[in-house]
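Here the structure comes first, spelled out in structure tokens, and everything after it is commentary.
The values are calculated or read from the model by the stated rules, or taken from the named source; none is laboratory data. Note that the structure is a prediction, hence the values are computed from the model and not measured. Every residue, glycine as well, gets a Cβ built from its backbone with ideal geometry; the counts of neighbours run over all protein chains shown.
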Amino acid sequence: MRFYRLAVFVPVVTSTVATGIIFLWLLDPVFGLVNFFLSKLGIPAQGFLSNPNQALYCIVAMTIWGWLGFDVIIYLAALQGVPHELIVAAEIDGAGKWSSFRSVVLPFLRPATLFLVVWSTISALQLFDEIYVTTRGGPLGSTTVVVFYLYQQAFQFFNGGYAAAIAYVLFLAILVITIIQLKVGGRRIYSNT
Amino acid sequence: MATPTLIGADRPLDFEALPDKRPRHWPFSPWHLFLIPLSAAMLLPLVWSVITSLETSADAQRFPPVLLPSSLHFENYVHAWNSLPFGHFFLNSFLYAAATVAGNLLFCSLAAYAFARLRFFGSNLVFVLLLVTLMVPFQVVIIPTFLIVRKLGLIDSVGGLIVPNLCGVFGIFLLRQFFLSLPVQLEEAARIDGASRLAILFKIVLPLSAPVLATLAIIQFMWSWNDFLWPLIIITTPQHAPLQLGLSMFQGSHVTQWNLLMAGTVMSQIPMLAVFLFAQRWFIQSIAYTGIKQ
């Protein structure tokens, strides 16, 4: 168990810059390890981060690798809060493993799930480091996320006013999305537990 | 910096307490069938970067890749270290992290104690306003912060990294919540004995707050150590760059030398990884307690 935990948590302390560089290498179109595995399966080499249709999904895979451990830590903490008596009671009442998980444990995890949904959404909307290190918004602008665009406008093209406006629109978008998530998710928490 | 939560805040994490009910007819828990591939997938990028860092550049640039190098080339690390001022990078990162940890511990304690115990005109309003700023993403304030730091003459210096991060709202909030949970009778007794507010804070409140101070220190250290966007904006001289920015500069100058690039990357991650391995439980409790990563 200790080993599994370590395997999942180590990416959390790996810096975003290092993560980006390592994935750039793993997903290298010519020498990359992933294309090697694909070739073993008989799949032709892919462009990955250099293919406009694939680059964004590669960024997604990379961020999932980096963030998974954080989600696991939060769920672990939440799992400690599930009263063991309730699970025992459910099993005495004849609930199987799956139904006691679904009806007893899952509802207890709902606050953690809601938190992770909100947190991950905000983090994703603020993604920057990974983009800067790997694709710089390319190829063909396919990975130009909001904050990277903001950075370009402010510190490469020196459109400070426009960049500040982008920042405020981003803030408003985050605010509105978060409020919607909390309203929808919060309702489920209170009506079902 | 980020939004705090109170998930799992009321008790320490105890992994061993999780119920373990494996069915007895399997020689091992079937979970291993899921966990082993998952762990392999999680560790693969790191293992592969270590392997590449020990290969010759000819071996690194070969397809199919050389999975097990015939000889180990530790001199890649020496080359990486010498090609850019990595010593400066580590030192700058350490200064940045240490100064922001110290600043946050001191200033956040002072502010948090004021918000927790002193009633002054507008204290609630000011506190609510502070909390509101927690929701404002860093990108919104990045341009004004940049202008202020430029006015202070701190552009392209480690001081410019440190000053805006000396005191964070998150730390104030975290410590205030903890201070509120301490018994006020202790402080009242000290006041009757003639202790000043500052003496109470430093001699009574802070010694009782060691766990939450450690949490704040760990989170702030991790955050400063891995910070990238702010250094990228204000630092241009390699000698003044902290580690993550330095690594990115290193990437820019060694685009196709993957073995050296991996050596630099692995090297840059070693200190944090070592600290994490030694204090894994503390790290995880801090993250779970605050709901924060970098």
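Below is a table of values for the structure above.
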| quantity | calculated |
| --- | --- |
| Some residue of segment B:220-227 being more than 25 Å from residue A:112 (Cα to Cα) and either without any contact (Cβ under 8 Å) to a residue 40 or more places away in the chain or of a type in the set (Ser, Thr, Tyr) (or both) | yes |
| Subset of segment B:188-205 [free of Cβ contacts under 8 Å to residues at least 12 places away in the same chain and not basic (Lys, Arg)] | B:188, B:189, B:192, B:193, B:194, B:195, B:196, B:198, B:199, B:202 |
| Output for segment B:101-145, where each listed residue is more than 17 Å from residue B:224 (Cα to Cα) and assigned to a loop (DSSP other than H, G, I, E, B) | B:118, B:119, B:120, B:121, B:122, B:136 |
| Boolean, residue B:39 is within 8 Å of another protein chain (Cβ to nearest Cβ) and at pLDDT 85 or above | yes |
| Among the candidates A:23, A:37, A:31, residue that is at the interface with chain B (Cβ under 7 Å from one of its Cβ atoms) and outside any loop (DSSP other than H, G, I, E, B) | A:23 |
| Residues of segment B:146-176 that turn out to be under 21 Å from the mean Cα position of the chain (by Cα) and part of a helix (DSSP H, G or I), as a count | 16 |
| Hey, residue A:67 surrounded by 14 or more Cβ atoms within 10 Å (Cβ to Cβ), among the aromatic types (Phe, Trp, Tyr) and either on the phi < 0 side of the Ramachandran plot or more than 9 Å from chain B (Cβ to nearest Cβ) (or both) or not | yes |
| Count - residues of segment A:44-64 that are surrounded by fewer than 17 Cβ atoms within 10 Å (Cβ to Cβ) and within 24 Å of residue B:39 (Cβ to Cβ) | 4 |
| Candidate set from segment A:88-109 (those that are farther than 27 Å from residue A:119 by Cβ and surrounded by 14 or more Cβ atoms within 10 Å (Cβ to Cβ)); member that is modelled with the lowest pLDDT | A:95 |
| Selection within segment A:70-109 - aromatic (Phe, Trp, Tyr) and closer than 28 Å to residue A:12 by Cα | A:70, A:75, A:101, A:108 |
| Subset of segment A:4-20 that is more than 16 Å from residue B:264 (Cβ to Cβ) and more than 7 Å from chain B (Cβ to nearest Cβ) - its residue that is surrounded by the most Cβ atoms within 10 Å (Cβ to Cβ) | A:5 |
| In segment B:183-205, the residues that are over 20 Å from residue B:107 (Cβ atoms) and assigned to a helix (DSSP H, G or I) | B:184, B:185, B:186, B:187, B:188, B:189, B:190, B:191, B:192 |
| Residue, farthest from the other protein chains (Cβ to nearest Cβ), within segment A:40-50, restricted to residues that are over 23 Å from the mean Cα position of the chain (by Cα) and small (Gly, Ala, Ser) | A:42 |
| Residue tally, condition surrounded by 22 or more Cβ atoms within 10 Å (Cβ to Cβ) and closer than 22 Å to residue B:161 by Cβ, over segment B:249-271 | 5 |
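Here's the yes/no breakdown for (1) part of a helix (DSSP H, G or I); (2) modelled with pLDDT of 90 or more; (3) within 17 Å of the chain's Cα centre (by Cα); (4) under 30 Å from residue B:148 (Cα atoms):
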| position | (1), (2), (3), (4) |
| --- | --- |
| B:236 | no, yes, no, yes |
| B:239 | yes, yes, no, yes |
| B:244 | yes, yes, yes, yes |
| B:248 | yes, yes, no, yes |
| B:252 | yes, no, no, yes |
| B:272 | yes, no, yes, no |
| B:288 | yes, no, yes, no |
